[in-house]
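This report refers to the structure that appears directly beneath it.
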Amino acid sequence: MSGVALVTGASSGIGEVFARKLSRMGYKLLLVARRKERLERLAADLQNANVLTADLTIDSDLEKIVDWAAAEPELEFLVNNAGFGIHGAFHETPGESQDRMHRLHVIAIERLTHAALPRMIERRKGNIINVSSVAGFLTTPFNVTYCATKAWINNFTEGLYIELQAIHSPVRIQALCPGFTYSEFHDVVGMDRNAIPRSLWMSAEDVVDASLRSLKRNELFVVPGWRYRLFVRLYAWIPRSLKHGLAIKFGKLPRKSGA
């Protein structure tokens, strides 16, 4: 490979694994995240990477990355991975946090995808992975905005997938929908990992491997892990009234003590 890959949220977890694997595949990298020291350490390991420190919920920072993506002639791979979660009743959580989540999960993905696609379509070569979640197929209490924004990612990606086929473009786009993944994500949310059965946790390595394998087959929705794939398929058949009852019963996950 000789193209360029842009990975957001690259300082840890799924984003970091994407960066390492794309580097080994021969891509030159632009790594984006808020934590400069983490990014620089990762870039030093990879040697074919540059870093841009940015908070994509801030307009000026996002504009900087959008301008770069629109101007880079060799951009062939975009991983929209940056994201975060909050846990609590919608009316009790800070409005600023809700706004930031929409900016990161919706506006940033829309802007970066819009910047990257024209050159990819023109060159008839490119890949876009939007990191969503199994939560994008659900509607639950205490994660209202997270589920809603991840559902938007799924619908947005599906629409573009159909559109690319309609214009006969070979550019590939994917919605990656992992379940519980070992990363710092759940530490930030304040979730007690012990409250989730060990069998439901996956490594970021396995999630990214599943994504890249499925990308070769141009699969739209990628749900790593057979348990999650089975759950998503069964959940789609459950009547809405029963879904609501189950969400009320199981939607509030235990928190860490003191969180």
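Computed quantities for the displayed model
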| read-out | value |
| --- | --- |
| Top-ranked residue in segment 33-48 [being outside any helix (DSSP H, G or I) and more than 20 Å from the chain's Cα centre (by Cα); ranked as nearest to Pro118 (Cα to Cα)] | Asn48 |
| Any helices (runs of 4 or more DSSP H) falling wholly within segment 172-259 and containing at least 1 residues that are at pLDDT 90 or above and under 30 Å from Leu78 (Cα atoms) | 204-216, 226-235 |
| Meets criteria (within 22 Å of Glu110 (Cβ to Cβ), out of contact with any Cys (no Cβ under 7 Å at 6 or more places or on another chain), surrounded by 22 or more Cβ atoms within 10 Å (Cβ to Cβ) and not β-branched (Val, Ile, Thr)) for Leu39 | no |
| Single match in Leu30, Leu56, Leu62 (criterion: in a loop (DSSP other than H, G, I, E, B), surrounded by 16 or more Cβ atoms within 10 Å (Cβ to Cβ) and modelled with pLDDT of 95 or more) | Leu56 |
| Test result for Ile128, in contact with a strand residue (DSSP E or B) (Cβ under 6 Å, 6 or more places away or on another chain) and crowded, with 19+ Cβ neighbours inside 10 Å | yes |
| Enumeration of residues in segment 158-176 that are farther than 13 Å from Leu117 by Cα and in contact with a Phe, Trp or Tyr (Cβ under 6 Å, 6 or more places away or on another chain) | Ala175 |
| Cross-chain or 6+ apart pairs with Cβ under 9 Å, segment 191-206 first and within 19 Å of Val222 (Cα to Cα), then modelled with pLDDT under 65 | Trp201/Arg193 |
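The values are calculated or read from the model by the stated rules, or taken from the named source; none is laboratory data. Worth saying up front: this structure is predicted, and the values here are computed from it rather than measured. No Cβ is skipped: glycine too gets one built from the backbone with ideal geometry, and neighbour counts run over all protein chains shown.
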